[in-house]
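See below for the structure under consideration.
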Amino acid sequence: MAVPSCDRAFLSFQCRSDPDFSGGVPRHDLPNAGVRFSGKVNSLSRGSSVHGMSSLILRFPPNFVRQLSVKARRNCSNIGVAQVVAASWSNNHASPDFTPAANAVDAAAIAPFDITTGDEEGAVVEDSPRADRNVQIEDLTNVKYSSFLSSDGSIAIHAGERLGRGIVTDAITTPVVNTSAYFFKKTSDLIDFKEKRRASFEYGRYGNPTSIVAEEKISALEGADATLLMASGMCASTVLLLALVPAGGHIVTTTDCYRKTRIFIETILPKMGITATVIDPADIGALESVLNQKKVTLFFTESPTNPFLRCVDIELVSKLCHEKGALVCIDGTFATPLNQKALALGADLVVHSATKYLGGHNDVLGGCISGPDKLVSAVRTLHHILGGAINPNAAYLIIRGMKTLHLRVQQQNSTAQRIAEILEAHPKVRCVYYPGLPSHPEYHLAKRQMTGFGGVVSFEVDGDLLTTAKFVDALKIPYIAPSFGGCESIVDQPAIMSYWDLKESERAKYGIMDNLVRFSFGVEDFEDLKADILQALESI
């Protein structure tokens, strides 16, 4: 369970030159020995101890404090006191315009503390010597990314790493920490960790230093307090729904959405007494009606949707839902954090299948949830019970992939837009679904809330199932495969791929016609892709 609300409970501390984490330092040797703690859990005073053992182990090795960012502490509940200590240290040293996030975590997680430091507001607190710091940019732990990084592309490269990383290393790339558990030198260390006075991880399912970096990077792009990374996009969606919708709750979702999400909502959640209303993505009247008639817990949808790329008015939907006490979660996988900022538009949470654009290389599975600490913490608590933890190697691949996210998305946006225009004018294409086209039903909405329209284009070939399959087979560049968002282009015929098990009449209920094609553009040369598609169309 996350512990960001406790960051006010820990004193400033001093780095020392040796890497010993074992503690054993008398209380009177600490520079802030006069700090007084009071609270419901315990009360510490000068020279106090827990069960006869030292209760303060707050001196850390070189670079430790510098490399642990405030948000990294918030975003991973499992780093224990490092979240708390680093956040407290940063808050005490922050610039006047820096305001820590409000205490949004569940109050039941940890009993509240009060702290009296005895320091006058604005007092200067000396930092540790800098002789051992081998970095090019000094003291950036408290600097906002926006103060010297003007674009999402730069943030995607440096967030969570150069500006604060919970792994002590001078390596440019984040190390992969392959471990299933973390040890304690002695029982007193374990007790100090449990009572939130010591920095440590505990168990691999609860968190990993490599995954924290990926979470921090995504949070920076989304403008979120916290991000939780999981083993897959479906894992993220299902755990979120289970954690935030109570038994007897009601969900509103949209007609066009990822099929496995729909199956979970329609067949699994009803077993728990959770019901759902399905509306057209643009039908605001239907949303208002269900909000007035039922106690809606959550509005959950994609924007753009899969596979018809419908768009939801996130700002308006959020306003209507919040007036009735309902949460709004947007799956922004198709949009990416670069093309759309769902949280800034008013959504409470945003979900991504990191398998797609975030990873971007068709080589990793992952999913994430971003939003305020309180909501992400609630999901994290259930996640720790259910499992579904992401492998640190997968987290590393997501970190690596995100460093080229802005370059890939820029190319994919451009290619998709130009190909969509070509397809729409082609006599062998009946219909094109792409929010960047004026013919799209939510074109004006997409222009208002998106900066780019994504790298996926869906369209209907002028023909039947077999004619469409002939077109797909004639393509030479894209792979016939599920998924999307990678460097390699991918094409699929939903009637044969995702909806193969349904009869034609059943597929038609969801608008999935036999001639529908979904094309995910990679980063290949535009002219090559154009020639390949036109040649394939001429073959049918």
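Backbone amide hydrogens, once placed in the peptide plane, bring Leu502 within less than 5 Å of nothing, excluding anything fewer than 5 places away on its chain. The packing ranking, built from the mean of other Cβ atoms within 10 Å per residue, places the peptides 316-322, 496-502 in the order 316-322, 496-502, highest first. Among the protein heavy atoms, those of Leu382 account for about 40 Å² of accessible surface (1.4 Å probe, every chain in place).
Projecting the alpha carbon convex hull of region 354-451 along each direction and taking the average yields 9.0 nm².
Report the Stokes-Einstein translational diffusion coefficient (µm² s⁻¹, integer) for region 191-247, Rh taken as the Kirkwood radius over Cα pairs, at 25 °C with viscosity 0.890 mPa s. It comes out at roughly 182 µm²/s. Treating only the Cα positions of region 427-478 as identical point scatterers, give the base-10 log of I(q)/I(0) from the Debye formula at each q in 0.32 Å⁻¹. Here log10 of I(q) over I(0) equals -1.21. Stokes-Einstein diffusion for region 238-286, with the hydrodynamic radius set to the Kirkwood value over Cα pairs and evaluated at 25 °C in a medium of 0.890 mPa s, equals 219 µm²/s. In the assembled protein chains, Tyr510 presents an accessible area of approximately 80 Å² (probe radius 1.4 Å). Using C-alpha pairs below 8 Å separated by at least 6 residues, the relative contact order for region 383-540 is 23 percent. Ordered from longest to shortest, the equivalent ellipsoid semi-axes for region 150-277 are 35, 23, 12 Å, each the square root of 5 times a Cα gyration tensor eigenvalue. Our coupling estimate for region 524-532, obtained by passing each phi through the Karplus curve with A = 6.51, B = -1.76, C = 1.60 and θ = phi - 60°, is 5, 4, 4, 5, 5, 5, 4, 4, 5 Hz, Gly and Pro reported as x.
Ordered from highest to lowest accessible area with the whole protein assembly present and a 1.4 Å probe, Leu242, Leu516 read as Leu242, Leu516. For region 175-222, the calculated P(r) over all alpha carbon pairs, in 5 Å bins from 0 to the bin holding the longest distance, is 5, 19, 22, 20, 17, 11, 5, 2 percent.
Once you sort the root eigenvalues of the Cα gyration tensor of region 440-530 as a ≥ b ≥ c, which label holds: rounded (a/c under 1.5), prolate (a/b larger than b/c) or oblate (the other case)? Taking the square roots of the gyration eigenvalues as a ≥ b ≥ c, region 440-530 is oblate. With bins 10 Å wide beginning at 0, the percent of Cα pairs of region 294-401 falling in each bin runs 14, 41, 35, 10, 1.
The values are calculated or read from the model by the stated rules, or taken from the named source; none is laboratory data. These numbers were taken from a predicted model, which means no experiment stands behind them. FYI the Cβ positions are ideal-geometry reconstructions off the backbone, even for glycines, and counts take in every protein chain you see. Only protein heavy atoms, including side chains, enter the accessible area calculation; ligands, DNA and RNA are left aside. Shrake-Rupley method; radii C 1.70, N 1.55, O 1.52, S 1.80 Å.
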